[in-house]
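Everything below concerns the one structure shown next.
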Amino acid sequence: MKNKAYETAARLWNMETETLRYMAEVINEKTFTQAVQAISNVLDNGGHILVTGKGATGMTARAFANELSELGYPVVFFEPNVTLLNVIHDRDMVIFVSKGGATPEVVRLLEPAKARGCKIVGITQNPASMLAMMSDIMLRIIVVKAMKESDDLGQGASIALTALLDGIIAALVEYRRPEDGE
């Protein structure tokens, strides 16, 4: 007889694997490419990338910002309850991450960022959310299914978000790499 703890974990791993396979089929190639190009353009024009999110998605967003920063890009993560918006400029970009797209602490920062002329990239599961509607570029987190009816832990969304952000990092590094002979 199998261990119930292992069975639960294996179900999660299978669901996450299915989510990752599905993402490659349904992520909008044009929108993803626009996001990578927009990030690159902001960097080329001396702008900064600010990243924010709350809870588990915020922790994943923080790791994304840290990795880009370690690669030498001017990227900073800020908690959505911090008023960092008074130091941003129209050449900057703010990447907002919210699983449902309606996290109050995140959504309240959209108007001030827009008013400052920042490029807004929204990453969410909900294309009908305020975050999605106010974003210049919206990237959708795709999750195949939750492990149970009430997915309070966001199982699946975390792996999908991590994979999406890792994809942005890989594409950005490749996109900004000089061609041979340059």
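Considered as a group, the residues in the range 92-112 that are surrounded by 17 or more Cβ atoms within 10 Å (Cβ to Cβ) and of a type in the set (D, E, K, R) include one that is farthest from residue 158 (Cα to Cα), and that residue is 92. Restricting attention to the range 41-58, does a residue exist that is among the charged types (D, E, K, R), surrounded by 15 or more Cβ atoms within 10 Å (Cβ to Cβ) and either in contact with a Ser or Thr (Cβ under 7 Å, 6 or more places away or on another chain) or at negative phi (or both)? Checked against the condition, which is being among the charged types (D, E, K, R), surrounded by 15 or more Cβ atoms within 10 Å (Cβ to Cβ) and either in contact with a Ser or Thr (Cβ under 7 Å, 6 or more places away or on another chain) or at negative phi (or both), the range 41-58 yields at least one hit. Selection of the range 126-182 for residues being at pLDDT 95 or above and among the hydroxyl-bearing types (Ser, Thr, Tyr) yields 129, 135. Scanning the range 100-130 for residues that are under 16 Å from the mean Cα position of the chain (by Cα) and either more than 14 Å from residue 51 (Cα to Cα) or small (Gly, Ala, Ser) (or both) yields 100, 101, 102, 103, 122, 125, 126, 127, 129, 130. Note on the range 103-125: among residues that are at pLDDT 95 or above and of a type in the set (A, V, I, L, M), the one that is farthest from residue 162 (Cα to Cα) is 120.
Taking strands (runs of 3 or more DSSP E) as the structural unit, those lying wholly within the range 5-119 and holding at least 1 residues that are among the hydroxyl-bearing types (Ser, Thr, Tyr) correspond to 49-53. Figure legend. Inter-residue proximity from the range 50-61: first residues more than 16 Å from residue 94 (Cβ to Cβ), second residues aliphatic (A, V, I, L, M) and part of a helix (DSSP H, G or I), beta-carbon distance below 7 Å, spacing 6+ or different chains. Indicated pairs: 60/161; 60/165.
Contact map, the range 104-127: first residue farther than 14 Å from residue 138 by Cα and without any contact (Cβ under 8 Å) to a residue 60 or more places away in the chain, second residue of a type in the set (Asp, Glu) and surrounded by fewer than 19 Cβ atoms within 10 Å (Cβ to Cβ), Cβ cut-off under 6 Å, separation 6 or more or different chains; pairs are 117/90. Here residue 144 does not qualify as over 21 Å from residue 42 (Cα atoms) and in contact with a Pro (Cβ under 8 Å, 6 or more places away or on another chain).
The values are calculated or read from the model by the stated rules, or taken from the named source; none is laboratory data. Quick caveat: nothing in here was measured; it's all calculated off a predicted structure. Every residue, glycine among them, receives a Cβ derived from its backbone with ideal geometry; neighbour counts consider all protein chains shown.
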